[in-house]
Amino acid sequence: MSISAKNITKHYQSQKALDEVSFDIPKGQIVGFLGPNGAGKSTMMKILTGYISNYEGLAKINETDIKDNALSIQRQIGYLPEHNPLYLDMYVKEFLKFNVDIYKCSPKRINQVIELTNLGSESHKKINQLSKGYRQRVGLAAALVHDPEILILDEPTTGLDPNQLVEIRHLIKSIGQNKTTLLSTHIMQEVEAICNRVIIMNQGQLVADEMLEDLAQNQQQIIHVEFDYSVELEALERLNKVQKAKEIGLYEYELYFETSQDMRSYIFDFAHDSGLKIKTLNRKHQSLENLFREITIKT
Ligand code: ADP
């Protein structure tokens, strides 16, 4: 089962929510769809699940165009929409039965998904009696009744407390092992905890697409330096092996190097030669956090 988006553009009236977005997700990956609010993540997920059909470009699930086949595509996808809409007055089992009926699958699936999502202890309750964490499990259980091979989860951990968060992440990771999963979030740590690939969106555009293991091996180092006075960016960019320099605060700069050699001594020499004092000097490696900040702060 694969997900494919090719040159997807979507307007809401004059607002461009997606701008020529393309990616392919092969079977078995758990992909984090990361980006600040308004980046276009939910819109893309609604397109991939067949709930939005007026867009430009080609979106396919397992090589089938979603536009003409929304109903059959929805049978292959487990979708947890943003804010997890549930019928709060229903009992857990009643709600799952409702979903089993929609998908016309075996009633045996009710107990199977209860077990899969560790809902057992709460399964006799009404949904409005459940904690937010357990409600999220009910949403996941409902998304899983028809045993879909593809999971599309829109901000599945929003609003959970730290313990619930860890439990749900763990659950998604274990369920996702045998599926193709796209999970949206604005939390970088979530991607690091669950995913093996990250796609970063910003202002409707895809701005990064990386395997997490590649990021871990990235040689790029970033030096964060704070001087006692301002420095011309051009002067910093002339330093040995600097790829780029960015001003990130008052007298504060980030310098990007593509080398594993510790470059801090060069900064010391530069400060000394320029009559500057260094107030802070930190070295860090390129990580998902840096990549995300680098991409989303500058715009
Ligand atoms: P995200 O999920 O990353 O927060 P969305 O896909 O919800 O982003 O939104 C992308 C952009 O599209 C935002 O600017 C948002 O305001 C706009 N948008 C989303 N849904 C609608 C809608 N139904 N009508 C008008 N504009 C919308």
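The values are calculated or read from the model by the stated rules, or taken from the named source; none is laboratory data. Bear in mind the structure is a predicted one, so any value in this text is a computation, not a measurement. Counting neighbours? That spans all protein chains shown, and the Cβs are built from the backbone with ideal geometry, glycine included.
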Which condition from (1) closer than 30 Å to Asp209 by Cβ; (2) surrounded by 14 or more Cβ atoms within 10 Å (Cβ to Cβ) is the one that Tyr251 breaks? (1)
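When residues of the stretch 290-299 are filtered for being surrounded by 13 or more Cβ atoms within 10 Å (Cβ to Cβ) and out of contact with any Gly (no Cβ under 8 Å at 6 or more places or on another chain), how many remain?
Total meeting the criteria: 6.
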So which residues in the stretch 183-209 are away from the ligand (no atom under 16 Å from the Cβ) and either outside the structural domain of Ile168 (by TED's automatic domain parsing) or surrounded by 18 or more Cβ atoms within 10 Å (Cβ to Cβ) (or both)? Ile194, Cys195, Arg197
Is one or more of the residues making up the stretch 78-85 over 30 Å from Lys126 (Cα atoms), modelled with pLDDT under 95 and away from the ligand (no atom under 11 Å from the Cβ)? no
Among the candidates Val207, Val242, Val225, single out the residue that is among the β-branched types (Val, Ile, Thr) and closer than 30 Å to Ile152 by Cα. Val207
What number of residues within the stretch 97-128 satisfy the criterion of being part of a helix (DSSP H, G or I), in contact with a Lys or Arg (Cβ under 8 Å, 6 or more places away or on another chain) and under 20 Å from Glu149 (Cα atoms)? 4
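Being within 28 Å of Thr185 (Cα to Cα), assigned to a helix (DSSP H, G or I) and among the hydrophobic types (A, V, I, L, M, F, W, C) narrows it down to one of Phe270, Phe292, so name that one.
Exactly one of Phe270, Phe292 is within 28 Å of Thr185 (Cα to Cα), assigned to a helix (DSSP H, G or I) and among the hydrophobic types (A, V, I, L, M, F, W, C), namely Phe292.
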